[in-house]
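Colleague: Let me give you the structure first, and then I'll get to my questions.
The values are calculated or read from the model by the stated rules, or taken from the named source; none is laboratory data. The model shown is predicted, which means the values in this text are computed figures rather than measured ones. Glycine gets a Cβ as well: all are built from the backbone with ideal geometry, and neighbour counts include every protein chain shown. Note: accessible area is taken over every heavy atom of the protein model, side chains too, but ligands, DNA and RNA are not part of it. Shrake-Rupley method; radii C 1.70, N 1.55, O 1.52, S 1.80 Å.
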Amino acid sequence: MKNTIFKIEGLRCDGCASTVKALVEKEPGVKVATASFKDGEARILYDPETVTEDRLAAIIERPGYRVTARL
Ligand SMILES: [Cu+2]
């Protein structure tokens, strides 16, 4: 398992954070996902054999948000 923090630009409320969390959690290989409007980030625990960091970033960006850093 791998844990990555994605810094996200464009989250405007708790609803945006919930959207990101829901989208990411639907992806096979994602074990736990949390997203925070206040912190402007999503923390994702996932199996890197099943889903890549690039794919997770693309999912986060699909509704129009932007991933600015991966920690
Ligand atoms: Cu919002």
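Colleague: Given a 1.4 Å probe and every protein chain left where it sits, what share in percent of the accessible area of region 2-70 is carbon and sulfur?
Modeller: Working: 1880 of 3920 Å².
Carbon-and-sulfur percentage of accessible area, whole number: 48.
Colleague: Just the Kirkwood number for the chain, please: inverse of mean 1/r across all distinct Cα pairs, in Å, one decimal. Mind showing how you got there, number by number?
Modeller: On the way: mean 1/r = 0.0864 Å⁻¹.
Evaluated over the chain, this radius sits at 11.6 Å.
Colleague: Let me spell out the model: positive unit charges on the Cβ of Lys and Arg, negative unit charges on the Cβ of Asp and Glu, origin at the Cα centre of the chain. What dipole size does that give, in debye rounded to 20? Display every interim value, and only then the final one.
Modeller: Details: 12 positive and 11 negative charges, 28 e Å.
Approximately 140 debye in magnitude.
Colleague: Could you order peptides 39-45, 22-28 by the average number of other Cβ atoms within 10 Å of their residues, highest first? Before the final figure, lay out the partial values.
Modeller: Working: 39-45: 19.4, 22-28: 14.0.
The peptides rank, most packed first, as 39-45, 22-28.
Colleague: Pairs of lysine in the chain with Cα under 18 Å and at least 8 positions apart or on different chains: total? Walk me through the numbers on the way to the answer.
Modeller: Numbers: LYS2/LYS21; LYS2/LYS26; LYS2/LYS31; LYS7/LYS21; LYS7/LYS38; LYS21/LYS31; LYS21/LYS38.
Lysine pairs satisfying the spacing and distance rule in the chain number 7.
Colleague: For region 50-63, in order, what is each residue's ³J(HN,Hα) by Karplus, 6.51 cos²θ - 1.76 cosθ + 1.60 with θ = phi - 60°, in whole Hz (x at glycine and Pro)?
Modeller: 9, 9, 8, 4, 4, 5, 4, 4, 5, 5, 4, 7, 3, x
Colleague: Among VAL32, ILE59, VAL20, pick out the residue whose Cα is farthest towards the positive end of the charge dipole of the chain, where Lys and Arg carry +1 and Asp and Glu carry -1 on C-beta, about the Cα centre.
Modeller: After comparing all options, I get VAL20.
Colleague: Contour minus end-to-end for THR4 and PHE37, with contour as 0.36 nm per residue of separation and end-to-end as the Cα-Cα distance?
Modeller: Working: separation 33, 0.36 × 33 = 11.88 nm, distance 1.67 nm.
Net length gain for the segment: 10.2 nm.
Colleague: Still on this structure, I have one more. Probe of 1.4 angstrom, ligands and nucleic acids ignored: what's the accessible area per residue over region 2-70, in square angstrom?
Modeller: Values: 3920 Å² over 69 residues.
Per-residue value: 57 Å².
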